[in-house]
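The values are calculated or read from the model by the stated rules, or taken from the named source; none is laboratory data. Since the structure is predicted, the reported quantities are computational estimates derived from the model, not experimental observations. Neighbour counts are summed over all protein chains in view; Cβ atoms, including those assigned to glycine, are modelled from backbone coordinates with ideal geometry. When the accessible area is computed, the model is the full protein with side chains, heavy atoms only, and any ligands, DNA or RNA have been set aside. Shrake-Rupley method; radii C 1.70, N 1.55, O 1.52, S 1.80 Å.
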Amino acid sequence: MNNMKVLALLTVSFCLILESLGRAKFPEQEKDPKFWNTWAQRTLRNALNMQNLNKNKAKNLILFLGDGMGVSTVTAARILKGQLNGQSGEETQLEMDKFPFVSLAKTYNTDAQVPDSAGTATAYLCGVKANEGTVGVSAAAVRSQCNTTEGNEVTSILRWAKDAGKSVGIVTTTRVNHATPSAAYAHSVDRDWYSDNEMPAEALQAGCKDIALQLFENIPNIDVVMGGGRKYMFPRNTSDEEYPDTAKYSGTRKDGRNLVKEWTDRMKDKNGHYVWNKKQLLSLNPNNVDYLLGIFEPMDLSYDLERNSDTDPSLTEMVDVAIKILKRNPNGFYLLVEGGRIDHGHHEGKAKQALYETVEMDRAIGRADLLTSIHDTLTVITADHSHVFTFGGYTSRGNPIFGLAPMLSDVDQKPFTSILYGNGPGYKLVNGARENVSTTNYQDKNYQAQAAVPLNSETHGGEDVAVFAKGPLAHLLHGVNEQNYIPHVMAYAACIGQNREHCMLRGGTVALQPAFSIIVTVITVTQLWC
């Protein structure tokens, strides 16, 4: 037994030594105070230049939503991005790090301290906070109670943009009828009503519609829709075109409707195209496409680490095509982009999957930046909520983000990874004690990081999330705000929705004073004249 303990300690020590040998040494220039002073002064000059605020009217609006992308996820993804490029990682800049304005959003739902993705989506898309599990309805609606829907519907900024004559689009790595995208077009008291197959009979009898159906009926002619969720659009037991021999991917609809065929029939004379794989998508000339429906999987898209790059488009590729189609509208566009599987990776305790998803979304942000201008495009990046994901352990500079902390526990004398979860499926006991991670492949893409409390699915976190903004009136996103404030700022910048009184153009800029102040001025002058 003693020999086994010695062998285990030697194995752990060897692992720690190997990681320390592979650790990036910090650059020699960082020893010189001049390096840090010069960097800080450069940052200061850039900050002073930001006093010249961009008050242009926003022609285009883009919201990037990293589902579950809390601050710890952003930081870890930054390190991963740097390490993938051969750097130590900490000093790397994500694309979102380059945005000049950063604020915090409070994510709670009206009935939940720690929120879910449905109530939060209603907040940052529709401008009102809502109950957990509901999309596109106010807090007066009760989850799963169909009869509380009517009269409590709230519309989204995507709808406001469409009504203003802009082109609109949705791009996601989840199902297009999942919680985040569905709040852009649906009014449902239950986020899980993906098709009529998932709805109770009484809800159908009462006239409630499933979310997939609402995608095609609520807002006529959404210009671009890309993501997963094919099975919810086809009649029950209809074989999937990509996986014809896999029963779980067959259609689910009880009403017998083929929503994709209905869409293609409606769009055949309107330059509409339906695609379900990467080859079809990239063969399109965006200049010849007015409407695009791209449904690439029966359910969610694959994790980026598992994506078949020959058949499945990346988030960056989808964003590229979407913007090229949408920007042809002289009135501008609104685009919702969701990196939805960041959340799924965390729920499964698979930090590697979650962080690679975050890096891919950041790549898509960079692509959007190249295709748009900061002068007329307001871009906002945020998360709906966080996760109980953390990394620590006094790791040295350049420590592999998926590696071990440089110490053993002083309680059980076992190593531990820097990345850990507060709860989740990674909780594991071996002979009544914490598993020794040195006996596992903790670098594997599907490794489930250790968790303090055993759960089949790791939970969301309740802390505030970051909001990054650039472009016209981006400075209005500052401080700490309620999450539902976000679409109000975006709508104000673009002169859509309820805040349009200020939209008197002055050389392409938006007059910031509200209409009532102008009225007061007129009244005052009139009194003086009289």
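Structure notes:
- Entries of 34/352; 166/445; 98/352; 98/445 with Cα pairs more than 30 Å apart: 34/352; 166/445
- Taking the protein heavy atoms of the chain in the context of the full set of protein chains, the accessible area attributed to carbon and sulfur is 53 percent at 1.4 Å.
- Reachable lysines, given that their alpha-carbon falls under 18 Å from the alpha-carbon of residue 254 and they are not under 8 places away in the same chain: 209, 231
- Relative to the dominant Cα principal axis of the chain, helix 315-326 is inclined by about 10°.
- Area of residue 435 that stays accessible when all protein chains are in place (1.4 Å probe, Å², to 10): 30 Å²
- Kirkwood Rh in Å, taken over all unlike Cα pairs in the range 310-387: 13.8 Å
- Ordering 212, 75, 53 by the projection of their Cα atoms onto the charge dipole of the chain, which places +1 on the Cβ of Lys and Arg and -1 on the Cβ of Asp and Glu, puts 53 at the extreme positive end.
- Counting charges near residue 155 (Lys, Arg +1; Asp, Glu -1) among other residues having Cβ under 13 Å from its Cβ returns a value of 0.
- With contacts taken as Cα pairs under 8 Å at a separation of at least 6 residues, the chain carries a relative contact order of 24 percent.
- For the pair the range 189-233 and the range 143-158, the centres of their Cα atoms are 13 angstrom apart.
- Sorting the segments 363-369, 149-155 by their residues' average number of neighbouring beta-carbon atoms within 10 angstrom, most packed first, yields 363-369, 149-155.
- Taking Cα atoms only, the orientation of helix 351-371 departs from the longest principal axis of the chain by about 40 degrees.
- Using R0 = 25 Å, the C-beta based FRET efficiency linking residue 501 and residue 370 works out to 0.15.
- Tail beyond 14 Å, pair distance distribution of the range 150-189 (Cα, percent): 50 percent
- Interchain or long-range residues, amide H under 5 Å from residue 106's placed H: 481, 482, 483
- Maximal additional length on extending the residue 41-residue 264 stretch stands at 74.6 nm, based on 0.36 nm per residue less the C-alpha distance.
- Multiplying the residue separation of residue 290 and residue 441 by 0.36 nm and subtracting their alpha-carbon distance yields 49.6 nm.
- Full extension of the chain between residue 29 and residue 328 gives 102.9 nm of extra length, using 0.36 nm per residue less the Cα-Cα distance.
- Partners for residue 350 among aspartates and glutamates (Cα-Cα distance below 12 Å; same-chain residues under 8 apart left out): 444, 458
- Rounded to the nearest 20 debye, dipole of the range 123-231 from Cβ charges on Lys, Arg, Asp, Glu: 380 debye
- Summing Cβ point charges (Lys, Arg +1; Asp, Glu -1) relative to the Cα centre of the range 50-180 gives a dipole of roughly 500 debye.
- Alpha-carbon Debye profile of the chain, log10 I(q)/I(0) at 0.08, 0.12, 0.13 Å⁻¹: -0.56, -1.16, -1.32
- Principal axis dimensions, largest first and in whole angstrom, of the range 161-287 by Cα: 45, 41, 27
- Per residue, the solvent-accessible area of the range 93-195 (1.4 Å probe, heavy atoms of protein chains only, all protein chains present) comes to 30 Å².
- Charge-dipole axis of the chain as Lys and Arg at +1 and Asp and Glu at -1 on Cβ define it, positive-most pick from 405, 27, 222: 27
- Sites residue 410 and residue 147, calculated FRET efficiency, Cβ-Cβ separation with R0 60 Å, nearest 0.05: 0.55
- Between helix 117-126 and the chain: long-axis angle, C-alpha atoms, 0 to 90°, nearest 10: 40 degrees
- Surface per residue (accessible, 1.4 Å probe) for the range 384-443, Å²: 45 Å²
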